[in-house]
Every structure is written in C-alpha cells, then in structure tokens.
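The values are calculated or read from the model by the stated rules, or taken from the named source; none is laboratory data. Being a predicted model, the structure only gives us computed values, none of them experimental. We place every Cβ from the backbone using ideal geometry, glycine too, and count neighbours over all the protein chains shown.
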Amino acid sequence: MFRFFTFALITSCIVAASLADSAIFNVLDYGAIGDGQADDTKSVSFCKAFAEAWEATCGSSSSSPTMHVPWGKAFLIHPISFKGPCKSKGVNIEIDGDVTAPSGPSEWRCGGDGCERWIHIESVDGLNVGGQGMIDGRGDKWWQAFAFEIAKSNNVTLGGGLRFKNSPRMQVVLYHLNSVRVSNVIVEAPEDSPNTDGIHVSACTDAFIDRSIVGTGNIYSCSQNSSLHMGFLVSKENETGDDCISIVDGSSFVTISNIICGPGHGISIGSLGKHGANSRVENIKVSDVVFIGTQNGARIKTWQGGKGYARNILFERILSHESRNTIVIDQFYCDHEQCGISDSAVQISNVTYRQVLGTSKGQTAVKLFCSKAVPCKNIVVEDIELVSSNDDKKATFECNNVYGRAQGRRVPNNPCLNLM
C-alpha cells in the first residue's frame, strides 16, 4: 500500500511538473472573440486580450510558456508590442488562427510607438514564434508601416508554417538579433505594393533563413490567374512588390538557403550607404535559390556618397527562370529620378557568383557597375550559364571598374572583368 501511494504521489508530481513546464495561455481565455469582425482591441487598453495573455506568458515561471492563438478563429487587432525580458529562458507564441490588421490607416489605433509597426516583439530571448496561421497586414490601402518585427533579442526562431501577406510595408523585419533562424514560412504581397520586402535583415548576427517561399502566391491550388514555373504553381494575384530578402547595415554571418523567390526584386544586399552612411555587411552566403520572374536575382546595391564595406559574399547554386537581371552589382543605386554624384562609395570586395544557371528575361543577364574611385575588388564569376528567354536576343555580360576573374563555364562569354 505504501509503495502504491509513493508511486502515485511521484506520478502526480511528474504530471504536474510537466503541465507547469508547458503552460499555455490562450487568448480566448483573456477575452478575445476571434470571429473576424468584432474588434478584439475594443477596451480601454489597446489589444487587451492579447496584451494580458502576453503578460501572463512572459511572467510565467514555466520553462516553456506558450501564448496561443487558436485555430479556426480570426482575430482583428490594432498595433501592439510584446516586450520582455521574460522570466523564462524559452517563450513561445503559437499562431494557429488568423490575425488581421484593421482595413486602413484611418482605423488604426496607434499607441506610443505610433503607426510605424503593427506587431512588434522586443527584448525576448529564447523566443519561438510558430504555428499554421495567417498574419494579414491588410496594407492594400496604404504601404507605410512594418507588419511584423522582432527586435533586440537573442536565440530566436520563426516559422513552422506561418504565412504572412499584404503588409502595409515590410513584411517580416528582423532587427538587432543575435542567433536567429527563420524556416518554413510563406510571404506574399501584391506585385505593385511598394517597399514590401519579404524578410528584412538589419543589424543581425548569425542569421539563418531557409526552406521558405517569398513572393509567390497560392502554390497549392489552381486558378485562371496562375501559371506553372519550374514545377511550382505561382499565382499572378499575389506577388512581392520589393526584395524577397534584403540584408542591410550591421549584418554579418547570414546564411540563406533553399528559397523560392519571385516575383519580386530578388535577394539584395542593401541598399547601403544612403545619405553618406557608413554601412558594414560581411560574411553572407546565399545558396540553393530559385528566382522566378524576378526583376533582379542576386543583387548588391549601394548609394553614391556612402562609406563602409560589403565583403566576403557568396552566391552559389542559383537557378533563374526569366529573371530580368540575374546577377547585379550596382554602386550607383538610386530609387528616384536624380541622385547626387560623389567619389565616395561603399567598398565591395570578395564576392563570388558560382553555378548560376537558367534563363534571363532581360538582355543584360549579368550587370556589374562599380565606381571608378572605389572599384569592386576580387569579384569571382564561376560556372555561369544564363541564356535569354527571347530567342531573338543573346544575353549579355556588362561590367565597369570590376577587378577579379572569370573561370569555368561562362555563358554569356564576355570576360570584361579586369584581372587582379
């Protein structure tokens, strides 16, 4: 009898400890309605249900507390911040339902941070954001605010099947993170939406982005507005209006792999050096990427007048399907009609393009334009085979003020690089 009592007591303690370690805080338990129409922020405090669920999660002493947004529900929320630090070293946000923003700027209720961002997470180490839900920024009436931002945190993961669409501006912003992994996400926005970068990496170290689709539409169902590219079904209605992934100042040791990108502006390092800024980006690896109908492919873009460097960069095993400019270095980037002329520039060096294959919709498949005052150095082009998708034209290779070498197979064959 004593042994049975002891066993039962130990078992109950283990179960209780297990439940405590996996404490779940469901937003429905804090007053959220989730019918897609009711204002889930209608209270004295904006986003009360979500804010209170977050406070309970962040303040939990459980080893792995979870804020849960349940499946089968649609939650309308206004701009909100989830801030740490939290008690636990591992905090989860599980989004299985749909989360939507108000339909337009006049309906946004902005807190102390203004309307610069919609969902903001800051200073939460050991953060894991996952789930099978949809995060819909409903930005079709304006394109100004960030949709989803994680900032100033360490050991962050994002993915698990989450889908982001229609951000008012940049879709997913990763800012000042150390050790972050984004995996298995789908990001989409209309083709004509300005500045809606899919994933924007700023001042991050040890960042990994893999196994994701950025810029494509519905890859699971057929419609009259869809077309088949490289075995993937791409909707014409949902396309990214800017870079699939952008990497800017302060970022280092960034690895990007197994990405389907397009339509959109490709994967870009930059822009760097705007308004004379001293920008630094280094140790970037981009591999196993498919570009589908993008305006650019593997691109580095810097402004005249800037300072700093972009160095130690590798693009390899890239497949292009009708991208307009598959390989680009542009030290004269300008996003409006006129920009000032300057001898100063961000130094671009130690860049390798290896095993880049496919078709180019534009005649200039490779475009490397560098400054005479600050030329690009140690640029390697190896095993490139890019042909024009227009049978009447040949793809071309153009470059200015570029020092490096071309080796292996080269199509188009135009060795305009100045040998080191």
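Some points to look at:
- Taken as a whole, the range 307-318 holds at least one residue that is at pLDDT 95 or above, of a type outside the set (A, V, I, L, M) and in contact with a helix residue (DSSP H, G or I) (Cβ under 9 Å, 6 or more places away or on another chain).
- Filter result (β-branched (V, I, T) and within 15 Å of the chain's Cα centre (by Cα)) within the range 248-283: V248, V254, T255, I256, I259, I260, I267, I269
- Once the range 251-310 is narrowed to residues that are in a loop (DSSP other than H, G, I, E, B) and of a type in the set (A, V, I, L, M, F, W, C), the residue that is nearest to V351 (Cα to Cα) is W303.
- Set side by side, the residues S342, S320 differ, and just one is farther than 18 Å from I247 by Cβ and crowded, with 23+ Cβ neighbours inside 10 Å, which is S320.
- In the range 345-381, residue surrounded by the fewest Cβ atoms within 10 Å (Cβ to Cβ) [restricted to those that are closer than 14 Å to V402 by Cβ, among the aliphatic types (A, V, I, L, M) and touching a Phe, Trp or Tyr at 6+ places or on another chain (Cβ under 9 Å)]: V380
- Number of residues in the range 80-93 that are touching a residue at least 60 places away in the same chain (Cβ under 8 Å) and either surrounded by 22 or more Cβ atoms within 10 Å (Cβ to Cβ) or at positive phi (or both): the value is 0.
- Contacts under 7 angstrom Cβ, first residue in the range 20-42 being closer than 19 Å to E55 by Cβ and outside any loop (DSSP other than H, G, I, E, B), partner modelled with pLDDT of 65 or more and hydroxyl-bearing (S, T, Y), 6 or more apart: A20/S62; I24/T66; F25/T57; F25/T66
- Selection of the range 138-195 for residues being modelled with pLDDT under 95 and of a type in the set (S, T, Y) yields S167, S193.
- For the range 51-78, filtered to residues that are in contact with a strand residue (DSSP E or B) (Cβ under 7 Å, 6 or more places away or on another chain) and touching a residue at least 60 places away in the same chain (Cβ under 8 Å), the residue that is nearest to Q132 (Cα to Cα) is V69.
- Selected residue (criterion: modelled with the lowest pLDDT) from residues of the range 37-57 that are more than 23 Å from R138 (Cα to Cα) and surrounded by fewer than 20 Cβ atoms within 10 Å (Cβ to Cβ): V44
- Scanning the range 311-338 for residues that are among the charged types (D, E, K, R), part of a strand (DSSP E or B) and touching a residue at least 60 places away in the same chain (Cβ under 8 Å) yields a single hit, E322.
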